[in-house]
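Student: Before I ask anything, let me first share the structure, which is written out below as structure tokens.
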Amino acid sequence: MLNLNQLWYLAVTWYGNRLTVDSRRPAPDEMVEIFAKIGLTGPFWDPQADQWHAAT
Amino acid sequence: MDFDTTVKLHIYETIAQTTQPPTTRDVAHALGAPLTEVEAAFDTLHKKRLLVPEPGDPARIRMAPPFSGIETAFRVKVQNKLYYANCAWDALGIPAALHHDAVVEAVDGYNGEPITLEVKDGQPLPQPCVIHFAVPAAHWWDDIIYT
């Protein structure tokens, strides 16, 4: 469960530069840092098993 | 700037301006580029998780997060434009991406009641609500449309 301020932080961090040349999805290690900054830790918020990097 | 980035910017700028994502043919026409090159760029952007093609029709965009290519329960009003988001996170992602205030109309996932969120002066107005994530982060892209 997230509160509104946590969700806003994720929205700004994820999408704040989406309309710019350098925009990209955060890498898994960056995602861990972003989640931890607002107290989202543990296996549920660990994207390391995500295979996205295998496709890039 | 490489071609994939040119296509990415064209897609997002088109959505920002019109609220609708372009098709591969739209992009090829606008950029004066071969359709095959645009199709390849769409595929690359999908692999980078910057867009999701419509299932069964890769010429169309289902998602260019935070924007949805189809109508959803997450309606985001920015000035006189109506965008659709893919989820609650993306509903706030649209004003974040556009750097503009917005009003979000959605449905409470618990009781089905309408819920309105407002982003004003770059911040969401206080609202007594919680947002539930059902899928672990490692599996969001197993089926991103479901997520």
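The values are calculated or read from the model by the stated rules, or taken from the named source; none is laboratory data. Since the model is a prediction, treat every value here as computed from it, not as a measurement. Reconstructed Cβ throughout: ideal geometry from the backbone, glycine too, with neighbour counts over all protein chains shown.
Student: Please specify each residue of the stretch A:4-18 satisfying the condition of being surrounded by 17 or more Cβ atoms within 10 Å (Cβ to Cβ), without any contact (Cβ under 8 Å) to a residue 24 or more places away in the chain and within 7 Å of chain B (Cβ to nearest Cβ).
Tutor: Of everything in the stretch A:4-18, those that are surrounded by 17 or more Cβ atoms within 10 Å (Cβ to Cβ), without any contact (Cβ under 8 Å) to a residue 24 or more places away in the chain and within 7 Å of chain B (Cβ to nearest Cβ) turn out to be A:Leu4, A:Leu7, A:Trp8, A:Ala11, A:Val12, A:Trp14, A:Tyr15, A:Arg18.
Student: Does B:His100 meet the test of being in a loop (DSSP other than H, G, I, E, B), modelled with pLDDT of 95 or more and under 26 Å from A:Pro26 (Cα atoms)? I'd like the intermediate steps shown before the answer.
Tutor: Details: in a loop (DSSP other than H, G, I, E, B): yes; modelled with pLDDT of 95 or more: yes; under 26 Å from A:Pro26 (Cα atoms): yes.
Yes, satisfied.
Student: From the residues in the stretch A:19-52 that are more than 9 Å from chain B (Cβ to nearest Cβ) and part of a loop (DSSP other than H, G, I, E, B), which one is farthest from B:Val130 (Cα to Cα)?
Tutor: Residue satisfying both the conditions and the ranking: A:Ala27.
Student: Taking the stated definitions as given, is B:Ala91 touching a residue at least 24 places away in the same chain (Cβ under 8 Å), crowded, with 21+ Cβ neighbours inside 10 Å, among the aliphatic types (A, V, I, L, M) and more than 10 Å from chain A (Cβ to nearest Cβ)?
Tutor: Working: touching a residue at least 24 places away in the same chain (Cβ under 8 Å): yes; crowded, with 21+ Cβ neighbours inside 10 Å: yes; among the aliphatic types (A, V, I, L, M): yes; more than 10 Å from chain A (Cβ to nearest Cβ): no.
No: the conditions fail for B:Ala91.
Student: Which condition from (1) outside any strand (DSSP E or B); (2) closer than 26 Å to B:Leu92 by Cβ; (3) in contact with an Asp or Glu (Cβ under 9 Å, 6 or more places away or on another chain); (4) not acidic (Asp, Glu) is the one that B:Met63 breaks?
Tutor: So B:Met63 meets the others, but not (1).
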